[in-house]
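K.L.:
Structure in structure tokens, see below.
A short reminder: the numbers here are calculations on the coordinates, not readings from a lab. This is a predicted model, so every value here is computed, not measured. Don't worry about glycine lacking a Cβ; one is built from the backbone with ideal geometry, like all the others, and counts go over all protein chains shown.
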Amino acid sequence: MSDLTRQIKELAMELGADLVGIASAKVLNSRAPQGHRPEDNLPGTQAVVCLGLRMLNSIFLSPNPRVARTSYTYLHKRLNDMGWAVATFLEEAGFAAVPITSDVPIDMMVKRGLWGDLSHRHAAVAAGLGKIGRSQLLLTPQFGARVRVTSVLTTAPLTPDTEVAAELCPERCRLCIDACPAGALTLEGLDKVACVKVMHRYNLYGLLRQMGRILDADSKEEKKKLAFDRTLAEVYMSLRAGDPPSCIECVRVCPVASR
Ligand code: SF4
Ligand code: SF4
């Protein structure tokens, strides 16, 4: 491991990261589709620093769905702050470095569900942080699916970590597939569009659908009723809360490293 790699890992831990790993940009450039490669976000990227924060297990004990949902926006904020600090350190060391946001903004015109500029999950796999499970979530040996990750691209030649070899899903486990309210998960993979319709039912998708219903309603009374039902209030709250997902059942039920 190079000195700079060790310094970056120490910095990440000092900043409060629960997980840190380094991925080779060459590996990710060869795996990711065009437009979503490190090279597309920072030409000359040599390495990707992956940072992870664990979720609180206790949020899954709460019967209040808002407790679990808002934890996402809290973790994204912390991850973005850490990513910025790591990129600043690398820039001051003489290299280019850009943090890729852990959540939004993303290009909403990509037609295959929600696609970030870089897949943090796949970067984390290449950085040795874990494996993709049947839920299509990143599973880590330490925290299972209860983790959020982000990435920093850099032209610094950092030493990549070794990928986790063993699959983390128990052979017979189908808990996430059975729990998915959208029927979006199968043994073949994830139907992202079906997932988004449930996971973001109170975000832009929910707003547009409700606006369509209001426009199509026959009477003024019906339009008024739709404008004041729960949907638009939930959309408003989601936007104020930083756009957290409305469904995390696949995270909740996953037994890997959960307590
Ligand atoms: S987030 Fe919800 S809808 Fe999407 S795959 Fe997971 S369980 Fe299914
Ligand atoms: S719930 Fe089971 S099958 Fe789904 S990702 Fe977790 S371990 Fe794998």
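K.L.:
Report the charge-dipole magnitude of the chain in Debye, nearest 20, computed about the Cα centre from +1 at each Lys and Arg Cβ and -1 at each Asp and Glu Cβ.
P.N.:
Numbers: 32 positive and 27 negative charges, 183 e Å.
Computed charge dipole of the chain: roughly 880 debye.
K.L.:
Could you give log10 I(q)/I(0) at q = 0.08 Å⁻¹ for the chain, computed by the Debye formula over C-alpha point scatterers of equal weight, without solvent?
P.N.:
Calculated log10 I(q)/I(0) at the listed q: -0.35.
K.L.:
Hey, which aspartates and glutamates would be in cross-link range of residue 192, C-alpha to C-alpha under 20 Å, not counting anything within fewer than 8 residues on its own chain?
P.N.:
103, 107, 117, 178, 243, 249
K.L.:
For residue 139, what charge total do you get from the other residues with a beta carbon under 11 Å from its beta carbon, if Lys and Arg give +1 and Asp and Glu give -1? Spell out each step's value before the answer.
P.N.:
Numbers: positive: 121, 131, 134, 146; negative: 167.
Counting the neighbours of residue 139, the net charge comes to +3.
K.L.:
Further question on the same structure: Under a cut-off of 12 Å between alpha-carbon atoms, report the aspartates and glutamates in cross-link reach of residue 9, not counting same-chain residues fewer than 8 places apart.
P.N.:
Cross-link targets: 18, 161.
K.L.:
Relative contact order of region 84-125: what whole-number percent is it, with Cα pairs under 8 angstrom and at least 6 residues apart?
P.N.:
Working: 24 pairs, mean separation 10.6, N = 42.
So the answer I get is 25 percent.
K.L.:
Going by alpha carbons, how many degrees (0 to 90, nearest 10) lie between the helix axis of 204-216 and the longest principal axis of the chain?
P.N.:
Roughly 20 degrees between the two axes.
K.L.:
What lysines does residue 197 reach when the alpha-carbon gap must be under 29 Å and sequence neighbours fewer than 8 apart in one chain are set aside?
P.N.:
Correct list for residue 197: 77, 111, 131, 220, 223, 224, 225.
K.L.:
Enumerate the calculated ³J(HN,Hα) couplings along region 196-201 in order (Karplus 6.51 cos²θ - 1.76 cosθ + 1.60, θ = phi - 60°), each rounded to whole Hz, writing x wherever the residue is Gly or Pro.
P.N.:
Rounded to whole hertz, the list is 4, 4, 8, 5, 10, 5.
K.L.:
Can you tell me the relative contact order of the chain? Whole percent, Cα pairs under 8 Å, sequence separation 6 or more. Numbers along the way, then the final one.
P.N.:
On the way: 448 pairs, mean separation 58.6, N = 259.
Value for the chain: 23 percent.
K.L.:
Can I ask one more? Roughly how far apart, in whole Å, are the Cα centres of region 45-93 and region 205-259?
P.N.:
Centre-to-centre distance over Cα atoms comes out at 24 Å.
K.L.:
Residue 181: net charge of surrounding residues, Cβ under 11 Å, Lys/Arg +1, Asp/Glu -1, itself excluded? Can you show the working numbers first?
P.N.:
Values: positive: 197, 201; negative: 178, 249.
Computed value for this residue: 0.
K.L.:
For the chain, can you list the cysteines whose C-beta has no other cysteine C-beta under 4.7 Å from it?
P.N.:
Those would be 50, 169, 173, 180, 195, 247, 254, since no other cysteine Cβ in the chain comes under 4.7 Å of theirs.
K.L.:
Let me ask you something else. How big is region 3-154 in terms of Cα radius of gyration and Dmax, in angstroms?
P.N.:
According to the Cα coordinates of region 3-154, Rg and Dmax are 15.1, 49 Å.
K.L.:
If you don't mind, there's one more thing I want to ask. Distances over 12 Å make up what percent of all Cα-Cα pairs in region 148-190?
P.N.:
Values: 693 of 903 pairs.
Tail of the P(r) past 12 Å holds 77 percent of the pairs.
K.L.:
If you bin every alpha carbon distance in region 167-259 into 5 Å steps from zero, what whole percent lands in each bin?
P.N.:
Distribution as computed: 3, 13, 18, 17, 15, 12, 9, 6, 4, 2, 1, 0 percent.
K.L.:
Based on the Kirkwood radius over alpha-carbon pairs, what value in µm²/s does the Stokes-Einstein equation return for the translational diffusion coefficient of region 21-61 at 4 °C and 1.567 mPa s? Don't skip to the answer; put the middle values down first.
P.N.:
On the way: Rh = 11.9 Å.
It comes out at roughly 109 µm²/s.
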